[in-house]
Amino acid sequence: MFAFLDIETTGLDPKTDFILEIGWVLTDGYLNELLPGKSSIVEQPYWPVVYDKIDSNAFVQQMHNASGLRQDMQFSTQDRFLDLREIREEFMADVMLARRGVTGEPVHLAGYSVGFDRGFLEETPEWGPLFKTKEFGWQMHHRLLDLSSVIMLYGTADRPAPVAEVYNTNPHRALNDALDSLDVARQMSREISWIPA
Ligand SMILES: [Mg+2]
């Protein structure tokens, strides 16, 4: 099973930056969606510090303004706001549902540079144990499907890597980016399928 997952953050440092949004879509081993994708804006213990962090970096500020995330954090009545523990519980519940009783199937994180997302989540007390221990009953598999790495491989063969056909209308929102990476993974899988075994 794959968990195509993306997080939006205030920056690159898991020790000092904040996770703003988490989105995912779960697929089987053949990249078929098992459940509708989901995303939540992270409820923060103290919002002013988070806004200050965003506004302290012009690049980050521009990115989250352009995507609408900055505005949605402040004003949205549509988005779901959950804290990191609640989001992790929802993620685990989705995995349980998607497994449909098949326990023990490995769950691989997938996405663009998804090691970054994993590193960030691992640093939090709410998500960390899911990657490091079996404290919650099961543990994420250590192997990632990093689409950015595969895109680099396309470069080594001077081949254009696939770009998302469907979902990139609003980049830098967590669920859109997760769906975008799934779209690209499917195209790559189709291309590989043409290579004689
Ligand atoms: Mg993103």
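Partners of LYS132 within straight-line reach, counting lysines whose Cα lies under 23 Å from its Cα and excluding those fewer than 8 residues away in the same chain: LYS15.
Note on GLN62 and VAL163: with the Förster distance fixed at 22 Å, the Cβ-Cβ geometry gives a FRET efficiency of about 0.50.
Scalar couplings 3J(HN,Hα) for the range 135-144, obtained by applying the Karplus form with A = 6.51, B = -1.76, C = 1.60 to θ = phi - 60°, are 3, 8, x, 8, 9, 4, 5, 6, 7, 10 Hz; x denotes Gly and Pro. Computed from backbone phi with θ = phi - 60° and the Karplus coefficients 6.51, -1.76 and 1.60, the 3J(HN,Hα) list for the range 20-31 is 9, 8, 10, x, 7, 9, 9, 10, 7, x, 10, 6 Hz; x is used for glycine and proline. Against the main long axis of the alpha-carbon atoms of the chain, helix 84-99 sits at an angle near 20°. Take the alpha carbon gyration tensor of the chain, find the square roots of its eigenvalues, order them as a ≥ b ≥ c, and report rounded if a/c is under 1.5; if not, report prolate when a/b exceeds b/c, else oblate. It comes out oblate by the Cα gyration axes.
Farthest towards the positive end of the charge dipole of the range 2-193, among the residues VAL25, MET96, THR10, is the Cα of MET96, using unit charges on the Cβ of Lys, Arg, Asp and Glu. Sequence-ordered 3J(HN,Hα) estimates for the range 192-197 from the Karplus curve with 6.51, -1.76 and 1.60 and θ = phi - 60° stand at 5, 5, 7, 6, x, 6 Hz, glycine and proline given as x. Dipole of the chain, Cα-centred, from +1 at each Lys and Arg C-beta and -1 at each Asp and Glu C-beta, to the nearest 20 debye? It comes to approximately 460 debye. Under a Gaussian network description of the chain, with springs only between Cα atoms under 10 Å, the residue in LEU31, LEU20, LEU175 that fluctuates furthest is LEU31.
No value in this document is a laboratory result; all are computed from the given coordinates. Just so it is clear, the structure is predicted and the values come from calculations on it, not from any experiment. Glycine also receives a Cβ, built like all others from the backbone with ideal geometry; neighbour counts cover every protein chain displayed.
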